[in-house]
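To start, the structure itself, in structure tokens.
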Amino acid sequence: MNKAEFVELVKEVGEYDTKKDAEKAVNSFIDAISNALAKKQAVELVGFGKFETAVQKAKTGKVPGTNKTYTTKEKAVPKFRPGKGLKDQVSKAKK
């Protein structure tokens, strides 16, 4: 599902009058999560999951087919841990 399809789903589920209102809600949610993560703050939505940042350690790798190596720097990356409610809902849908 791409963003346009997701906005349409939010419009239906959230009973928004217009697609523009639904898109504004989706964009606001994305912006709020992104801003919190940029400040290294976790966002926990009970039953849905937790958005947080994690540190990805620096590592050394090798380029396939050559003897060249490269090193990546340590960096913060976004991470999502699903909550029990979301896990249960997805599990039921699979059956």
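Points worth noting:
- Residue in region 47-55 that is over 24 Å from ASN2 (Cα atoms) and either out of contact with any helix residue (DSSP H, G or I) (no Cβ under 7 Å at 6 or more places or on another chain) or among the charged types (D, E, K, R) (or both) present: yes
- Selected residue (only one of ASP17, ASP21 is acidic (Asp, Glu), more than 22 Å from LEU86 (Cβ to Cβ) and more than 22 Å from the chain's Cα centre (by Cα)): ASP17
- 3 or more residues over 18 Å from ILE30 (Cα atoms): qualifying strands (runs of 3 or more DSSP E) within region 44-95: 49-56, 59-62, 69-72
- Close pairs from region 69-87: first farther than 19 Å from ALA42 by Cα, partner not in a strand (DSSP E or B), Cβ under 6 Å, at least 6 apart: THR72/ALA58; LYS73/ALA58; GLU74/LYS57; GLU74/ALA58
- All positions within region 25-43 that are in a helix (DSSP H, G or I) and of a type outside the set (Val, Ile, Thr): ALA25, ASN27, SER28, PHE29, ASP31, ALA32, SER34, ASN35, ALA36, LEU37, ALA38
- Test for GLY83: is it on the phi > 0 side of the Ramachandran plot, surrounded by 11 or more Cβ atoms within 10 Å (Cβ to Cβ) and not charged (D, E, K, R): no
No lab work stands behind these numbers, since they all come straight from the coordinates. All values reported here derive from a predicted model rather than from experimental measurement. Here the Cβ is made from the backbone with ideal geometry for all residues, glycine too, and neighbour counts use every protein chain on show.
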